[in-house]
Amino acid sequence: MHAPTDSHWGAVKRILRYLRDTTTYGLHITCSSFALHGFTDADWAGNTDDRKSTDGYLIFFGQTPISWKSSKQRIVARSSTEAENKSLADGIVEVIWLQYLLQDLQILSTSAPTLWCDNLGATYLLQILSFMLALNTLRLTIILYETELRGKERDLYSFYPLPRSTCRCFY
């Protein structure tokens with residue numbers, strides 16, 4: 001910084017005191033199981049000023065928390081299901097990213113990841129969307145086979161379906 005003030009110096013000293021006092025803290029990784037599981041939650045319209053929701057997730061690898069996030073949603077959710085669905089979607093994206101990271105590190109997961117959500121409506125909505133994605137993938141597969149059998153050329157966009165059991169979500 002080009003012009004530090006006393007408040008900046010106070011913040012630096014506070015950070016250094018924190019680092020000095022927390023040298024024994026840390027995440028202790030235990031080798032209980034190589035499975036990803038997590039929890040998602042949202043506080044619907046929890047901010048009284050603008051009625052925006054706060055959502056978050058916590059992802060475990062075995063018994064060790066490895067990823068977490070809590071943030072204010074950018075839009076006002078119309079229902080608790082919408083707020084929870086946004087939180088669930090963020091958790092699913094993080095679990096998929098962690099799966100790819102573990103694959104790159106050549107760590108094989110013992111089971112499919114499990115994501116817990118406390119909103120029944122969001123869980124049902126996700127199951128419906130998963131079913132619709134499966135139907136769409138099936139429809140594209142049928143078109144591809146039909147094209148091969150008839151020898152017709154069609155302009156088809158390439159698609160990358162998700163792995164069969166990318167994530168199980170429970171209420």
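The table below gives the values:
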read-out	value
Qualifying residues in the stretch 11-61 (those that are among the aliphatic types (A, V, I, L, M) and over 17 Å from residue 93 (Cα atoms)) - the one surrounded by the fewest Cβ atoms within 10 Å (Cβ to Cβ)	27
Selection status of residue 74, exposed (fewer than 11 other Cβ atoms within 10 Å of the Cβ), over 30 Å from residue 117 (Cβ atoms), among the basic types (Lys, Arg) and out of contact with any Leu (no Cβ under 8 Å at 6 or more places or on another chain)	no
Tabulated pairs, the stretch 7-36, first more than 20 Å from residue 66 (Cα to Cα), second modelled with pLDDT under 90 and not in a helix (DSSP H, G or I), C-beta under 8 angstrom, 6+ apart or interchain	8/1
Residue tally, condition more than 12 Å from residue 40 (Cα to Cα), under 14 Å from the mean Cα position of the chain (by Cα) and at pLDDT below 85, over the stretch 58-100	0
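The values are calculated or read from the model by the stated rules, or taken from the named source; none is laboratory data. Being a predicted model, the structure only gives us computed values, none of them experimental. Heads up, the Cβs are rebuilt from the backbone with ideal geometry, glycines too, and the neighbour counts pull from every protein chain shown.
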